[in-house]
Amino acid sequence: PSVALRDVFKKGVHTITGSVEAPNACTIVTVRASLEAGAPDGKSIRVALSLQSAAGVCLQVPTRVNFSTTLAAPAQMPLTATVNGLAATTTSS
């Protein structure tokens, strides 16, 4: 999956916004950001997205869904993303 990310850092807080392509407009998207070990400098910010199908009938047309999350962390942290636990390709938005 591909995730578009934008990170704004101000006063020790990262505000991460972006979008992901969901299977349909009824998909529920939840997002959580956390500090992760493993980047070359030892840490990165992981943006974990979860896509869940909503109950009921929905037109099956792929739809971009926007999201936003915040995290207190040092400046200049690299971002990684996962969708339902799978590594995602990230692009800047």
Only one of Val57, Val47, Val65, Val61 is surrounded by 12 or more Cβ atoms within 10 Å (Cβ to Cβ), among the aliphatic types (A, V, I, L, M) and more than 21 Å from Lys11 (Cβ to Cβ), namely Val65
Hey, does segment 75-88 have a residue that's exposed (fewer than 10 other Cβ atoms within 10 Å of the Cβ) and closer than 15 Å to Ile16 by Cα? yes
Can you give me the number of residues within segment 16-37 that are polar (S, T, N, Q) and either part of a strand (DSSP E or B) or modelled with pLDDT of 95 or more (or both)? 4
Sole residue being of a type in the set (Ser, Thr, Tyr) and out of contact with any His (no Cβ under 7 Å at 6 or more places or on another chain), chosen from Thr80, Thr70: Thr80
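The values are calculated or read from the model by the stated rules, or taken from the named source; none is laboratory data. What you see is a predicted model, and the numbers here were worked out from it, not measured in a lab. Every residue, glycine as well, gets a Cβ built from its backbone with ideal geometry; the counts of neighbours run over all protein chains shown.
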